[in-house]
1. Starting from the 7 Å offset along Cα-to-Cβ, what nm value, one decimal, do you get for the label separation of residue B:153 and residue B:268?
2. Compute the Rg/Rh shape ratio of chain B: radius of gyration over Kirkwood radius, all on alpha-carbon atoms.
3. From the alpha carbon gyration tensor of segment B:179-281, can you work out the equivalent ellipsoid semi-axes (sqrt of 5 times each eigenvalue) and give them in Å, largest to smallest?
4. Using alpha carbons only, how many angstrom separate the centre of segment B:206-239 from the centre of segment B:247-269?
5. Going highest first, how would you order B:248-254, A:146-152, B:60-66 by mean Cβ packing within 10 Å?
6. Students often forget the sequence filter, so: which aspartates and glutamates lie under 19 Å Cα-Cα from residue B:65 once same-chain residues fewer than 8 apart are removed?
7. Calculate the translational D of segment A:10-60 in whole µm² s⁻¹ from Stokes-Einstein, where the hydrodynamic radius comes from the Kirkwood formula applied to all Cα pairs, the temperature is 37 °C and the viscosity 0.692 mPa s.
8. How far, in degrees from 0 to 90, does helix B:36-55 lean away from the longest principal axis of the Cα atoms of chain B, to the nearest 10?
Amino acid sequence: MDATNSISIPEDVLVSRLFKKDQLAFSYLYDNYAAALNGVIYRIVQDEATAEDILQDAFIKIWNNFASYDKTKGKLFTWIINIARNLAIDHTRSKGFKNQQKNLEVDKIVGYIDSKKSTLFNPDQIGLKTMLEKLKPEQREILDLVYFGGYTQAEVANELNIPLGTVKTRIRMSLIQLRSIV
Amino acid sequence: MNTKEYIESGVLDLYVSGLLSIEEMRDVELKACQHAEVKQELVLLQGALERFAFKYAIVPKPEVKERILMAIQSKSDVSRIVSIKSATTENQPEQDVSITPSLPAARTSLSRLLLAATVLLIAVLGGAAFYFNSQLKNSKMLTAQLEEQQSGILRQVDNLQLTLNQQTEKVQLLTDANTVRISMKGTDKSPASLALIYWNKETKAVYLDIKALPPTGIDSQYQLWFIDPTAGPVSAGVFDVKTGEMIRMTNAPDAAAFAVTLEPKGGSSQPTMDKMYVIGTVAS
């Protein structure tokens, strides 16, 4: 992402300019984070046009609600990604979406995203494949379901037919692994 | 619970994955404020997921940015018009006052009265504009907060629904004629231990009900095994000790016995026989 932007603004400067409703800062925010947000939303809703609609809603929400961002609670990216994820998850929990997805079971969805996704990756994100190969299949599966699928712990336990305690342990193991490889 | 145990409990991982309820999130945030190590761990986890998300980046169509900028532009135009209006009304009285002395004809009592009334009116209008503007800001913030609360509540309702389904399933399991109860008794290593298995021979579902098991260390976890008559011991998953709650384990297609061993955290592929805590055979 950095390659496309020659100027880099430190996060605290960006945040204080966004508090002042600086449109240039907002444009910078978009240029740097839109693709990552869009990727996450896409993995949840699995439709390009829907993802872009939700991306738009997310950025408008970020602009309008910036006053409620509390930097002591975490990084800017964590806050905006949660806005995007929550909007995407709320969408998948709406009736229309549920009907549309009724026949897809979890394990199929995971495979389905992967098979469909591969063609849409940024060509410059070559690191992804090697990174994912370093994660064990069950670690990847759990991250896909929890982080990109918007599933709750209990749902994951139910769908994968594994105990709740195992879900927790697996999330922790996956994140420890992820931390060492990305 | 000390800081290290708190970090290793996995609650921070759930926090960054967005899996906690609003109250649980507040608790994590409080802990992060109090302990630098917790805060540090959170930053590391958030950074890892951030980089993970960037790896999945998909560049949206250029129109999306245009649409967003247009949407926020039209909103700030409205607020700019409001602020221009209030700025002109606030300037008005000063101008009027400074003009008045150069116009001797205006020094009649009637015009003074009119002037005073105008100044008063303008002041009232300005005040009202300011009041409504701040009210508007407040209600916008309130709406945002309520929206966040609502989606949190919806998620909780979903969780409750799921819990209810699981409870219903348990009742069905317990009353099902195909369900057998296997009592796993403590081995010599731990004679006081006891755990029950409810195994439905039809659906193959396995539920574990822990009556008594000694607490584990941080680095280890209990693992349930079922002994397949032909394949030998097969893992039915790891679990944390929680009494008074039935835990759904991995289905067992065929089992001659069930046993629990203590294994390194995350479980093993083969049971460690000298760390077996309870065992029970299935009556044929």
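1. Roughly 5.0 nm, to one decimal.
2. Values: Rg = 34.3 Å, Rh = 26.2 Å.
Rounded to two decimals, Rg/Rh equals 1.31.
3. On the way: eigenvalues 73, 44, 33 Å².
Values for segment B:179-281, descending: 19, 15, 13 Å.
4. 4 Å
5. Details: B:248-254: 17.9, A:146-152: 23.6, B:60-66: 14.1.
So the order, starting with the most tightly packed, is A:146-152, B:248-254, B:60-66.
6. Residue B:65 reaches A:2, A:22, A:31, A:47, A:48, A:52, A:53, A:57, B:77.
7. Working: Rh = 11.6 Å.
Value of D from the Cα-based Kirkwood radius: 282 µm²/s.
8. Once rounded, the angle reads 90 degrees.
Quick note: the coordinates plus some simple rules give every number you see, no bench work behind them. Just so you know, these numbers come straight off a predicted model, no measurement behind them. In this analysis, Cβ positions are derived from the backbone assuming ideal geometry, glycine residues included, and neighbour counts consider all displayed protein chains.
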